[in-house]
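The values are calculated or read from the model by the stated rules, or taken from the named source; none is laboratory data. Note that the structure is a prediction, hence the values are computed from the model and not measured. Ideal geometry is used to build each Cβ from the backbone, glycine not excepted, and the neighbour counts take in all protein chains shown.
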Amino acid sequence: MRISVLLLLAFSCSAFGQASQPTPETHDRLAEAILSREHWRETMIPTYMNDFGQLGRYQSANTSLGAPKSGEKRVVFYGDSITDAWHLDESFPGKGYINRGIGGQTTSQMLVRFRQDVIDLQPAIVVVLAGTNDIAGNTGPISLADIEANYATLAEQAHLHGIRLIFSSVTPVHDYTPESQYPFATRDPAKILALNSWLKNYCAANGLIYLDYFSAMVDQRGLLKKDLAQDGLHPNLAGYQVMAPLAQAAIDQALGQALGAAH
């Protein structure tokens, strides 16, 4: 981590959309957030060097799961910590939806494990929620264009294997609590808007479903509603209660499309 903090700060002021001359308070908060992120990245070096996609996380569970039963329309939720922490059995009782989220992951890592944790499970539908950790730089600096390319590759792989893909919007963030200061500092709301605009247009152009969590979770300032996440990033129970019916509606739409295509 002993790269100059000044260099990291200079990069982040540009990469994360901070003002060219931030206030001292903003400058200090961003510097602390960068140090916190870099410390976390140091702890992840063994993972990044030995199992970048974290394939080991779900290998046993995938083997135990087996192939879908006759007539089963399997649904996989695929993403980062927001998916990982989601108790799908509570939000969607009796549905049997499969959770393949891993905390901290970026789209680059999700590409690595997409075959093992999605394609090989033979789902009818995959619900993808990703991008916030790319913006934060969890696996290093990445341009919006490269994040978008990763999204497109996920969609192309799903299409190739007959899986209906639902792209979820990147969820908003807030800075209303002490716990939210670090996550917010490295997640530029303007970049979230840009990725969501691209995702919405890509879905429209390619016949995919765009699952718009953002519009239902954002407040009048353009930030995540305070009562939906204590740390400004990860939904609490109230946050997941907003998300669940939107996800179910998107899944129902995808299943309807699949049924229509079959006839």
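Are any residues in the range 138-156 touching a Phe, Trp or Tyr at 6+ places or on another chain (Cβ under 9 Å), under 16 Å from Gly79 (Cα atoms) and not aromatic (Phe, Trp, Tyr), and if so, which ones?
The answer is Asn138, Thr139, Ile147, Glu148, Ala152, Thr153, Leu154, Ala155.
Free of Cβ contacts under 8 Å to residues at least 40 places away in the same chain and either acidic (Asp, Glu) or more than 19 Å from Tyr210 (Cα to Cα) (or both): is that true of Ala238 in this structure?
Taking the combined requirement at face value, the residue satisfies it.
In the range 81-98, what residues are surrounded by fewer than 18 Cβ atoms within 10 Å (Cβ to Cβ), closer than 21 Å to Asp231 by Cβ and either touching a Leu at 6+ places or on another chain (Cβ under 6 Å) or among the charged types (D, E, K, R) (or both)?
Asp84, Glu90
Scan the range 32-55 and report the pairs whose first residue is of a type in the set (S, T, N, Q) and whose second residue is in a helix (DSSP H, G or I), with Cβ atoms within less than 7 Å and a gap of 6+ or a chain change.
Ser36/Tyr182; Gln54/Thr47; Gln54/Gln109; Gln54/Arg113
How about the range 73-86: which of its residues are closer than 22 Å to Phe214 by Cβ and either out of contact with any Phe, Trp or Tyr (no Cβ under 8 Å at 6 or more places or on another chain) or in a loop (DSSP other than H, G, I, E, B) (or both)?
Gly79, Asp80, Ser81, Ile82, Asp84, Ala85, Trp86
So if I check each of Leu154, Leu233, Leu165, Leu193, which one is at pLDDT 95 or above, surrounded by 15 or more Cβ atoms within 10 Å (Cβ to Cβ), touching a Leu at 6+ places or on another chain (Cβ under 9 Å) and part of a helix (DSSP H, G or I)?
Leu154
Keeping to the range 117-141, report how many residues are buried (at least 19 other Cβ atoms within 10 Å of the Cβ) and either outside any strand (DSSP E or B) or over 16 Å from the mean Cα position of the chain (by Cα) (or both).
Total meeting the criteria: 14.
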